[in-house]
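The values are calculated or read from the model by the stated rules, or taken from the named source; none is laboratory data. Note that this is a predicted model, so its numbers are computed, not measured. Methodologically, a virtual Cβ is constructed for each residue, glycine included, from the backbone with ideal geometry; neighbour enumeration extends over all protein chains shown. Just the protein is used for accessible areas: all its heavy atoms, side chains included, with ligands, DNA and RNA removed. Shrake-Rupley method; radii C 1.70, N 1.55, O 1.52, S 1.80 Å.
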Amino acid sequence: MTTIPIDTTDLLLAASLVLINGGLSLFLQLGLTGQIVAAALRMVVQLVLVGWVLAALFTSGSPWATAAVALAMVLFAGREILARQDRRLKGWWSYGLGTVCMLLASTLVTLYALGTQLRPEPWYDPRYSLPLMGMVLGNTMTGISLGLHGLTTGLSREKLAVEAQLALGATRFEAARPVIRSALRSGLMPIINSMAAAGIVSIPGMMTGQILAGADPILAARYQMLILFLIAGGTALGSVSAVFGGVWRLTDERHRLRLDRLS
Amino acid sequence: MALLQVDRLELPGLKPIRFHLDPGQCLAVMGPSGCGKTLLLRAIADLDPNQAEISLDGASRGSCTAPEWRRRVTYVPSESGWWSSTVQGHFRSWPPASLSRLGLNAAFGPRLVGELSTGERQRLALLRSLEHGPRVLLLDEITSGLDTDATHAVEELVADLRTRDVGVLWVTHDAEQARRVAPRKLSISNGEVIEEPLA
């Protein structure tokens, strides 16, 4: 395997494209210049930091440090889910529901992959566990965000229909079924599209990275398939648990719709 | 024994409410807009959190599940919700009994709910609420969008249900209608709910 090294000059040349974006935003008065520059700077700082952290972690190989980094990733992703909700659950639930569902889904899927398919030595080897968890986490986060957004806006919009069913003796999950179905479709659509388009519309990011790093394209494709299967499993697990947890919270034990629990 | 016994029902801005409904009895519920008529019906149907001692045929509300309670004590709002695109998607079996009595017919089944008039939706919502054979109907201005003939048809249908011992609480702003459907009323004013005869 041979990797073509990238130095700072190469990165600056690539970054010039972002300057073009900023220039276009100014010229077209899109009002996005500040956001483009801030996002680009944030990306650079985050990736430099994560590069250092991963390098240190791979050297030490500590299981506790690996677990701590994985937990930090989950907690940050939980904040992102929260930020993407128009109508949030009140109190601890607003952050807790998405974060706990994401923690469960991404941990289970990552442990499954480490224990049965990749089998690194030791099993928690950060070189495998963290990138794997990161990819599962990023996509599970999107699924949960879209699922919860669909649920909260759907229940608010369909309040009359849900209450009409409750008034006729439906249980809370029966009454919310159309909204649940729509929310889960929203949550799962991105990964379905990714799988359907993989290899034809686009070569996925991880496979591209491996090929650029000199890996055999056949092996890179196998890794990409593995990752997409894991992401699909994690996204389904996370979205379903978050949406059903959301219905549980937005109704009560007497099967009443409790939109007063939304901010 | 009373069909429906309501005791110590607490609602915002109102003194604790107590009344009972006998089998086949209809009580009109009257009062100015915003006085709590809809809240009263929703609380009895257990659709909003509330503190109360409520029983049906002597069995307390807490002794059965909320879905079971609502199949027996059914709330029909003035503007009901719809969860399926077609009319028949809202019924366990189509056509429902009494459809023609309310000036509707089986051809309404495949029609889209969005194409119906307010009055047609109100009549269908009432018929939909009868599918489980409720013991008590909580009717919230269900004829507000109906013409005179349709209003009378609904009143006659409810009168027939009363002959089968169904109890009715009927919120209406129409004093004439109240006199036609009920000998007594629950009057909500000055923070109190008082049962009195209709003048």
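Condition check ((1) at pLDDT 95 or above; (2) more than 22 Å from B:LEU39 (Cα to Cα); (3) in a loop (DSSP other than H, G, I, E, B); (4) out of contact with any Gly (no Cβ under 7 Å at 6 or more places or on another chain)) across all residues:
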site	(1), (2), (3), (4)
B:LEU124	yes, yes, no, yes
B:LEU127	yes, yes, no, yes
B:PRO134	yes, no, yes, yes
B:GLY145	no, no, yes, no
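Go over the candidates B:GLU53, B:GLU68, B:GLU115, B:GLU79 one by one and state the one that is in contact with a strand residue (DSSP E or B) (Cβ under 6 Å, 6 or more places away or on another chain), open to solvent by 20 Å² or more (accessible area, probe 1.4 Å) and acidic (Asp, Glu). It would help to see each step written out before you state the result.
Numbers: B:GLU68 fails: in contact with a strand residue (DSSP E or B) (Cβ under 6 Å, 6 or more places away or on another chain); B:GLU115 fails: in contact with a strand residue (DSSP E or B) (Cβ under 6 Å, 6 or more places away or on another chain); B:GLU79 fails: in contact with a strand residue (DSSP E or B) (Cβ under 6 Å, 6 or more places away or on another chain).
Checking each option against the conditions leaves just B:GLU53.
Restricting to the range A:128-175, what's the tally of residues that are within 14 Å of chain B (Cβ to nearest Cβ) and not aromatic (Phe, Trp, Tyr)? Can you show your working first?
Narrowing the range A:128-175 to residues within 14 Å of chain B (Cβ to nearest Cβ): A:154-175.
Applying the additional criterion that residues be not aromatic (Phe, Trp, Tyr) yields A:154-172, A:174-175.
Final tally of qualifying residues: 21.
Out of the range A:161-201, which residues are open to solvent by less than 30 Å² (accessible area, probe 1.4 Å) and among the acidic types (Asp, Glu)?
Answer for the range A:161-201, where residues must be open to solvent by less than 30 Å² (accessible area, probe 1.4 Å) and among the acidic types (Asp, Glu): just A:GLU163.
Hey, any hits in the range B:35-47 for a residue that's open to solvent by less than 30 Å² (accessible area, probe 1.4 Å) and more than 28 Å from B:VAL154 (Cα to Cα)?
No; the residues of the range B:35-47 include none that is open to solvent by less than 30 Å² (accessible area, probe 1.4 Å) and more than 28 Å from B:VAL154 (Cα to Cα).
Within the range A:21-31, restricting attention to residues that are open to solvent by 70 Å² or more (accessible area, probe 1.4 Å) and within 29 Å of the chain's Cα centre (by Cα), which residue is farthest from A:ALA220 (Cα to Cα)?
Looking at residues that are open to solvent by 70 Å² or more (accessible area, probe 1.4 Å) and within 29 Å of the chain's Cα centre (by Cα), I get A:LEU30.
Could you tell me whether A:LEU155 is open to solvent by less than 20 Å² (accessible area, probe 1.4 Å), assigned to a helix (DSSP H, G or I), closer than 13 Å to A:VAL243 by Cβ and touching a strand residue (DSSP E or B) at 6+ places or on another chain (Cβ under 8 Å)? First the steps, then the outcome.
Details: open to solvent by less than 20 Å² (accessible area, probe 1.4 Å): yes; assigned to a helix (DSSP H, G or I): yes; closer than 13 Å to A:VAL243 by Cβ: yes; touching a strand residue (DSSP E or B) at 6+ places or on another chain (Cβ under 8 Å): yes.
Yes, satisfied.
Only one of B:LEU27, B:LEU47, B:LEU41, B:LEU9 is over 30 Å from B:ALA107 (Cβ atoms), more than 13 Å from every other protein chain (Cβ to nearest Cβ) and touching a Phe, Trp or Tyr at 6+ places or on another chain (Cβ under 8 Å); which?
B:LEU27
Working carefully through the options B:TRP83, B:TRP94, find the one that is within 14 Å of chain A (Cβ to nearest Cβ) and free of Cβ contacts under 8 Å to residues at least 24 places away in the same chain.
Values: B:TRP94 fails: within 14 Å of chain A (Cβ to nearest Cβ).
Exactly one residue qualifies, and that residue is B:TRP83.
Being of a type in the set (Val, Ile, Thr), within 27 Å of A:LEU146 (Cα to Cα) and open to solvent by 60 Å² or more (accessible area, probe 1.4 Å) is the filter here; which residues of the range A:49-99 pass it? Spell out how you get there, then give the answer.
Taking the range A:49-99 and keeping what is of a type in the set (Val, Ile, Thr), we get A:50, A:53, A:59, A:66, A:69, A:74, A:81, A:99.
Filter again for within 27 Å of A:LEU146 (Cα to Cα), leaving A:50, A:69, A:74, A:81, A:99.
A:VAL50 - this is the single residue of the range A:49-99 that is of a type in the set (Val, Ile, Thr), within 27 Å of A:LEU146 (Cα to Cα) and open to solvent by 60 Å² or more (accessible area, probe 1.4 Å).
From the residues in the range A:176-188 that are over 13 Å from A:LEU148 (Cβ atoms) and out of contact with any Ser or Thr (no Cβ under 8 Å at 6 or more places or on another chain), which one is nearest to the other protein chains (Cβ to nearest Cβ)?
Per the criteria, the residue is A:PRO178.
Among the residues of the range A:211-254, count how many are part of a loop (DSSP other than H, G, I, E, B) and within 24 Å of A:VAL100 (Cβ to Cβ). Please lay out each step first, then the result.
Going residue by residue through the range A:211-254, those that are part of a loop (DSSP other than H, G, I, E, B) are A:213-216, A:250, A:252-254.
With the extra rule that they be within 24 Å of A:VAL100 (Cβ to Cβ), the set shrinks to A:250, A:252-253.
Result for the range A:211-254: 3.
Considering only residues that are at the interface with chain A (Cβ under 9 Å from one of its Cβ atoms) and of a type in the set (Asp, Glu), which ones fall in the range B:50-80?
B:GLU68, B:GLU79
Can you spot a residue in the range A:61-83 that is basic (Lys, Arg) and at pLDDT below 90? Even if it seems obvious, please write down each step before you answer.
Keep residues of the range A:61-83 that are basic (Lys, Arg), which gives A:79.
Filter again for at pLDDT below 90, leaving none.
No - not one qualifying residue is present in the range A:61-83.
When the residues of the range B:110-129 are filtered to those that are over 15 Å from B:ALA150 (Cα atoms) and within 14 Å of chain A (Cβ to nearest Cβ), which remaining residue is farthest from the chain's Cα centre (by Cα)?
This residue is B:GLY114.
What about B:ASP147, is it without any contact (Cβ under 8 Å) to a residue 40 or more places away in the chain and open to solvent by 30 Å² or more (accessible area, probe 1.4 Å)? Steps first, please.
Details: without any contact (Cβ under 8 Å) to a residue 40 or more places away in the chain: yes; open to solvent by 30 Å² or more (accessible area, probe 1.4 Å): yes.
So B:ASP147 fits the description; yes.
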